[in-house]
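Colleague: Please see the structure below; I have some questions.
Every number here is computed from the coordinates shown, using simple stated rules; none is lab data. From a predicted model like this one, the values you see are computed outputs, not experimental measurements. Cβ placement follows ideal geometry from the backbone for every residue including glycine, while neighbour counts extend to all protein chains displayed.
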Amino acid sequence: MITRIEVDDGRSRPGAHKIAVDETRRTQALKAPVKASVENLSFYYGAARALNDLNVEIRDNQITALIGPSGCGKSTFLRCFNRMHDQQAGTRYEGRIMLHPEEINLVGRDVDPIEVRMRIGMVFQKPNPFPKSIFENVAYGLRVRGIRAQLRLAEEVERALRNAALWDEVKDRLDSSGLSLSGGQQQRLCIARALATEPEILLFDEPTSALDPIATARIEELIVSLRDRVTVVIVTHNMQQAARVSDFTAFMYLGNLVEFDETSRIFTNPSQKATEDYITGRYG
Amino acid sequence: MSTLRRRRIVNVIAFSMSMVATAIGLALLCAILWTLLSRGFGALSFSVFTQMTPGPGSAGGLLNAIYGSLVMTALGILIGAPIGLLAGTYLAEYGRNSPLSTVVRFINDVQLSAPSIIVGLFVYMLMVMRMGHFSAIAGAVALGIIAMPVMVRTTEDMLNLVPKSMRDGSAALGAQPWYTITRIVYPAAKNGLVTGVLLAVARISGETAPLLFTALNNQFWNSNLNKPMANLPMVIFQFAMSPYGDWQRLAWVGALLITLFVLFLSIIARSISSLFGQHGNPGE
């Protein structure tokens with residue numbers, strides 16, 4: 001059963017866009033087990049506190065979107081999941097992000113960030129393929145994990161490229177440079193690169209903000225199709241995108257989590273005034 | 001109106017003065033090159049490359065000096081380049097913002113402009129005095145110490161040209177920093193690093209002062225690194241100051257050979273780096 005609701009992306013006339021809510025998908029989403037639970041997470045750059053006491057549950061094989069105005073901390077939050085902040089001196093985490101079912105605290109001091117990144121993949125804002133061949137780009141994460149057998153690499157690379165809906169476009173030129181691809185293809189290459197390592201959670205940091213509308217549509221389609229394989233957390237500036245692809249949405253403002261709920265609820269019946277103001281385009 | 005006029009006059013004066021300065025510089029350079037080329041080519045013969053440096057008043061060549069220069073320059077690069085490369089890697093990768101890097105960077109800049117005779121004296125005290133005699137290896141060490149800061153600087157500059165997004169992409173796939181450096185950063189900066197080595201070779205191949213107290217000179221053929229070794233800069237120095245016409249002519253040839261060698265290296269380095277500018281900066 002599909003209901004249509006009206007949503008505004010904050011940039012054009014109110015009520016100009018419609019999204020569809022798939023009721024079966026919604027029921028499924030609510031029944032999904034928790035993959036990661038964020039408990040009282042705070043994050044500091046030196047003395048400055050960038051995230052305040054966040055509590056969120058990321059559901060298994062569902063897509064969770066993080067939205068909010070620039071500087072609200074959504075990317076900072078996303079980068080806690082794979083400890084990208086550890087590369088910078090003077091950063092500090094408080095609280096926990098528990099990965100289930102193994103019960104590993106992703107931001108724990110005793111947990112090696114390298115080990116965290118082995119389990120949790122990331123796709124960046126700007127496509128960043130390595131200056132290597134398409135094949136080697138996808139094989140990179142596998143090589144990091146010590147896989148050397150050529151046959152195994154070839155298999156996994158093909159599987160990852162198929163899952164990223166890129167195989168048909170590049171199967172005849174796996175040896176050409178990853179940089180020779182178009183922007184959208186490069187981003188799908190980066191997704192394939194992350195998928196090859198079979199991450200438990202895949203993080204997307206505004207993956208389409210550097211792409212044109214057609215490439216964006218393809219990436220969105222791809223992200224939705226990934227639900228069956230991996231748990232997705234996506235930061236996006238584009239509210240239509242959040243509405244189109246995600247099952248759950250967290251609205252953040254000034255480092256706080258204002259509201260977290262099913263996407264359909266957030267966009268039709270938000271409980272907070274701030275959320276409503278943001279999604280109806282009053283600020284942000 | 002008068003302001004405009006005044007500005008125009010000031011501009012004309014500044015422009016003419018800079019033109020004159022350029023002309024003076026170019027004229028001097030041309031005079032030097034012309035003298036060098038005419039005298040050097042005038043005395044150039046096949047025997048220069050087949051015979052040893054002669055005694056006063058007899059004919060001979062520069063074979064032992066050419067050999068000595070090549071050996072000591074090569075050894076100097078083998079000593080200086082790896083240390084410089086790793087130190088530059090530390091500055092650009094591991095310790096980008098650490099206080100230690102700031103200190104190292106400052107000391108490296110001082111070393112870059114330190115008089116080379118100081119380096120010669122340093123190695124004299126360190127090696128020659130302890131060993132009790134001059135040696136080719138001491139000369140090579142002195143040249144290595146000169147090459148080192150050049151390598152540190154170019155390595156850091158070249159690695160900094162590699163976009164951070166590459167390193168992030170690799171780190172997000174679970175790669176250790178050293179893996180990222182060897183598999184992503186070095187290959188991406190390869191051309192620049194090769195250029196840096198060539199420039200370091202060019203820098204040390206004409207150095208005289210560091211060899212004065214270390215390798216000294218040798219009138220005869222010597223391939224023993226533990227003994228004094230002939231080299232072009234010292235032969236030029238000795239022969240040019242002598243009253244003998246044969247020696248003076250050989251000094252001109254030696255100067256010509258070094259100049260052509262450095263010119264050749266600079267041209268290669270330039271063509272590599274122009275290539276680098278066009279294709280070697282991935283992701284930006």
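Colleague: Express in whole angstrom the spacing between the alpha-carbon centres of the stretch B:32-50 and the stretch A:197-263.
Modeller: Each part's Cα centre sits 71 Å from the other's.
Colleague: Provide the per-residue ³J(HN,Hα) series for the stretch A:41-57, in order, calculated from phi with Karplus coefficients 6.51, -1.76, 1.60 and θ = phi - 60°, each as a whole number of Hz, with x at glycine and proline positions.
Modeller: Per residue, the Karplus-derived 3J(HN,Hα) values read 7, 10, 9, 10, 9, x, 8, 7, 8, 9, 10, 10, 6, 8, 9, 9, 10 Hz.
Colleague: On to the next question. If amide hydrogens are placed 1.01 Å from N in the peptide plane, which non-local residues have theirs closer than 5 Å to the one on A:VAL258?
Modeller: Those lying under 5 Å, H to H, from A:VAL258 are A:PHE251, A:MET252, A:TYR253.
Colleague: I've got another one for you. Taking the Cα centre of the protein assembly as shown as the origin and placing charges on Cβ (Lys, Arg +1; Asp, Glu -1), which of B:SER274, B:LEU85, B:VAL123 is farthest toward the positive end of the dipole?
Modeller: B:VAL123
Colleague: Could you size up the charge dipole of the stretch A:87-246 around its Cα centre, putting +1 on the beta carbon of Lys and Arg and -1 on that of Asp and Glu, and report it in debye to the nearest 20?
Modeller: Values: 21 positive and 22 negative charges, 43 e Å.
Here the stretch A:87-246 has a charge dipole of around 200 debye.
Colleague: Here's another thing I want to ask about it. Expressed as a rounded percentage, what relative contact order does chain A have, with Cα pairs under 8 Å and six or more residues apart?
Modeller: With pairs under 8 Å counted, the relative contact order is 27 percent.
Colleague: Same structure again: Roughly what percent of Cα-Cα pairs across the stretch A:171-284 reach past 18 Å?
Modeller: Roughly 56 percent, once rounded to a whole number.
Colleague: How much length, in nm to one decimal, is gained on full extension between A:SER180 and A:SER225, taken as 0.36 nm per residue of separation minus their Cα-Cα distance?
Modeller: Extending this stretch completely gives an extra 13.6 nm.
Colleague: Sticking with this structure for a sec: List every DSSP H helix in chain B whose Cα atoms extend 24 Å or more along the helix's own long axis and whose mean Kyte-Doolittle hydropathy is at least 0.5.
Modeller: Qualifying helices: B:2-43, B:63-89, B:136-160, B:245-279.
Colleague: To continue, here is another question. How are the Cα pair distances of the protein assembly as shown distributed, in percent, across 20 Å bins from 0?
Modeller: 17, 36, 25, 17, 4, 0
Colleague: In addition: Here are some pairs, A:LYS35/A:LYS126; A:LYS126/B:LYS164; A:LYS35/A:LYS74; A:LYS132/B:LYS190; A:LYS132/B:LYS164; which of them have Cα atoms lying more than 21 Å apart in this structure?
Modeller: Where the Cα-Cα span goes over 21 Å, the pairs concerned are A:LYS35/A:LYS126.
Colleague: Give me Rg over Rh for chain B, both radii from the alpha carbons and Rh done the Kirkwood way, two decimal places. Mind showing how you got there, number by number?
Modeller: Details: Rg = 23.2 Å, Rh = 21.5 Å.
Ratio of gyration radius to Kirkwood radius for chain B: 1.08.
Colleague: Evaluate E = 1/(1 + (r/R0)^6) for B:PHE264 and B:MET19, where r is the Cβ-Cβ distance and R0 equals 35 Å; express this FRET efficiency to the nearest 0.05.
Modeller: 0.70
Colleague: Still on this structure, I have one more. Over the stretch A:228-284, what relative contact order in percent results from Cα pairs under 8 Å that are six or more residues apart?
Modeller: That works out to 22 percent.
Colleague: Kirkwood hydrodynamic radius (Cα pairs, Å) of the stretch A:79-231?
Modeller: Numbers: mean 1/r = 0.0618 Å⁻¹.
Over the stretch A:79-231, the inverse of the mean reciprocal pair distance is 16.2 Å.
Colleague: PRE reach from B:LEU225 (point 7 Å along Cα→Cβ): which of the stretch B:53-78 fall under 13 Å by backbone N?
Modeller: Those under the cut-off are B:71-78.
Colleague: Sorted from largest down, give the three principal axis spans of the alpha carbons of chain A, whole angstrom values.
Modeller: Each principal axis gives a Cα extent; for chain A these are 55, 44, 32 Å.
Colleague: What is the dipole size for the stretch B:1-111, taken about its Cα centre, with +1 at each Lys and Arg Cβ and -1 at each Asp and Glu Cβ, in debye to the nearest 20?
Modeller: It works out to roughly 780 debye.
Colleague: Still on this structure: Could you calculate the FRET efficiency of B:GLN248 with B:LEU37 from 1/(1 + (r/R0)^6), where r is the beta carbon distance between them and R0 is 25 Å, rounded to 0.05?
Modeller: Computed FRET efficiency for B:GLN248 and B:LEU37: 0.95.
Colleague: I want to verify the translational diffusion coefficient of the stretch B:230-275 in µm²/s; compute it with Stokes-Einstein, Rh as the Kirkwood radius over Cα pairs, at 20 °C and 1.002 mPa s.
Modeller: Numbers: Rh = 11.7 Å.
For the chosen part, D equals 183 µm²/s.
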